[in-house]
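Novice: One structure, pasted below without further comment.
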Amino acid sequence: MSELILSIRDLRVTFDTPLGPLEAVRGVDLDVRAGEMVGVVGESGSGKSVTFLAAMGLLPRSAKVTGSVMLNGQEMVNAPGKVLRNMRGGLMSMIFQDPLSALNPVHRVGDQIVEMLQAHQSQLSDKDAAKRAVELLDIVGIPQAAERAHQYPHEFSGGMRQRVVIAIAIANNPKVLIADEPTTALDVTVQAQILEVIERVQKSFGTAVVLITHDLGVIARVADRVNVMYAGRNVEKGGVNSLFDHPSHPYTRGLLASLPHEGAERLTPITGFPPNMLMPPPGCGFAPRCSYANDDCMKSLPELRVFGDLETACLRAEQIIVNGASS
Ligand SMILES: Nc1ncnc2c1ncn2[C@@H]1O[C@H](COP(=O)(O)OP(=O)(O)OP(=O)(O)O)[C@@H](O)[C@H]1O
Ligand code: SF4
Ligand SMILES: [Mg+2]
């Protein structure tokens, strides 16, 4: 097994809001090993982005963060500003869904890459950094990279801008690249191309990638391992094949049943809504929507337990595994 690069333990994030404390992340455990592609899926509001914004030290002051985020052996939770600045764009980078807001509209794209390179490699001359910037644009598939380096973000299409953002993110050869819904704002044909660039980066440079997405189909195609999140917790995780072949958590089962698949006469969406995180329930967050729920589920919060090669946070996982689809 390859080296553990990112290890998140019992991560909790609470926002101080005018309506009271909002528990966005409630005890997430997640590992990323060198060179692997880890998928993170879950409904909107399940805490996917906040988990990784916390890991990057990018949350506002209104956020209270506890737990541990070890990156390459160094603690990032409540680390000094200098440690976090060195880490961001160095050991770990993050790309977001909207490439336009990630780029500075008044700077040429080549200069933005140079800036990122020199922020972490101060010995790099302007000439060498400019040369490397063109190489990076080429790596992410921008044609005529030398000329394009002199252009401004508005002269690029959405897909090309996202390639520039990826070039900036990989400029210093990070060990971990976090891609938070990197294709959502792009049109369908371009989405596949951007995923292909991310996969190429992972394979060519051995960069570990965390791919956050709503799209289980994408995860099935590209990820090695998957973390399913629900109401601020990871409810099931494991290898991609095991999770797709025999999921044990009712929420994962629901997600898979709502995917178009061969032989399905109709899709079965998960009905109901996730809990209000201003008032999270004492028991399992999925209970109001779960056809397997019993009284215990309303009282105790399920922890992740090992079942074969999956980890599942469900009090009734044993019965679900034995009984298959029946409750
Ligand atoms: N700055 C903030 N202040 C207060 N609450 C926040 C803040 N950022 C996020 N939240 C809340 O934290 C919870 C988790 O949000 P998060 O953005 O991590 O969800 P997500 O899983 O990434 O969803 P999506 O799929 O829509 O991107 C949500 O309830 C959200 O409203
Ligand atoms: S703990 Fe109970 S409510 Fe939660 S997923 Fe399992 S069976 Fe359903
Ligand atoms: Mg998000």
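The values are calculated or read from the model by the stated rules, or taken from the named source; none is laboratory data. All of these numbers come straight from a predicted model, not from anything done at the bench. Backbone-built Cβ (ideal geometry, glycine too); neighbour counts: all protein chains shown.
Novice: In the set Val164, Val50, Val114, which member is among the β-branched types (Val, Ile, Thr), within 16 Å of ligand 3 (Cβ to nearest atom) and modelled with pLDDT of 95 or more?
Specialist: Sole residue among the options that is among the β-branched types (Val, Ile, Thr), within 16 Å of ligand 3 (Cβ to nearest atom) and modelled with pLDDT of 95 or more: Val50.
Novice: Then there's this: Name the residue that is nearest to ligand 2 (Cβ to nearest atom), counting only residues in the stretch 49-67 that are outside any loop (DSSP other than H, G, I, E, B) and crowded, with 19+ Cβ neighbours inside 10 Å.
Specialist: Step one: of the stretch 49-67, the residues outside any loop (DSSP other than H, G, I, E, B) are 49-55, 63-67.
Filter once more, keeping what is crowded, with 19+ Cβ neighbours inside 10 Å: 49-55, 65.
On the way: Ser49: 23, Val50: 22, Thr51: 20, Phe52: 24, Leu53: 27, Ala54: 25, Ala55: 26, Val65: 26 Å.
Per the stated criteria, the residue is Thr51.
Novice: Same structure, new question: Test each condition in (1) over 25 Å from Lys203 (Cα atoms); (2) within 12 Å of ligand 1 (Cβ to nearest atom) for Val40 and report the one that comes out false.
Specialist: For Val40, the exception is condition (1).
Novice: Going by what's in this entry, would Asn78 be described as in contact with a Leu (Cβ under 9 Å, 6 or more places away or on another chain) and surrounded by fewer than 20 Cβ atoms within 10 Å (Cβ to Cβ)? Show your work before the answer.
Specialist: Details: in contact with a Leu (Cβ under 9 Å, 6 or more places away or on another chain): no; surrounded by fewer than 20 Cβ atoms within 10 Å (Cβ to Cβ): yes.
Taking the combined requirement at face value, the residue does not satisfy it.
Novice: Just to be sure, is Ala264 surrounded by fewer than 23 Cβ atoms within 10 Å (Cβ to Cβ), away from ligand 2 (no atom under 16 Å from the Cβ) and at pLDDT below 95? Steps first, please.
Specialist: Values: surrounded by fewer than 23 Cβ atoms within 10 Å (Cβ to Cβ): yes; away from ligand 2 (no atom under 16 Å from the Cβ): yes; at pLDDT below 95: yes.
In short, yes.
Novice: Just one of Asn294, Asn276 is modelled with pLDDT of 90 or more, more than 16 Å from ligand 1 (Cβ to nearest atom), within 23 Å of Arg26 (Cα to Cα) and surrounded by 11 or more Cβ atoms within 10 Å (Cβ to Cβ); which is it? Before you say what the answer is, go through the steps one by one.
Specialist: Values: Asn276 fails: more than 16 Å from ligand 1 (Cβ to nearest atom).
From the options Asn294, Asn276, the qualifying one is Asn294.
Novice: Right, another one. Residues of the stretch 75-100 being part of a strand (DSSP E or B) and without any contact (Cβ under 8 Å) to a residue 12 or more places away in the chain, which ones? Spell out the reasoning first.
Specialist: At the first step, the residues of the stretch 75-100 found to be part of a strand (DSSP E or B) are 75, 88, 92-95.
Hit for the stretch 75-100 is Glu75, nothing else.
Novice: Looking at (1) without any contact (Cβ under 8 Å) to a residue 40 or more places away in the chain; (2) over 21 Å from the mean Cα position of the chain (by Cα); (3) more than 16 Å from ligand 1 (Cβ to nearest atom); (4) over 24 Å from Asp29 (Cβ atoms), can you tell me which one Lys203 breaks?
Specialist: With respect to (1) without any contact (Cβ under 8 Å) to a residue 40 or more places away in the chain; (2) over 21 Å from the mean Cα position of the chain (by Cα); (3) more than 16 Å from ligand 1 (Cβ to nearest atom); (4) over 24 Å from Asp29 (Cβ atoms), Lys203 is out only on (2).
Novice: Wholly within the stretch 1-48, which strands (runs of 3 or more DSSP E) include no fewer than the required count, namely at least 2 residues that are farther than 22 Å from Gly254 by Cα?
Specialist: Values: elements: 4-17, 20-33, 37-41.
Strands (runs of 3 or more DSSP E) meeting the threshold: 4-17, 20-33.
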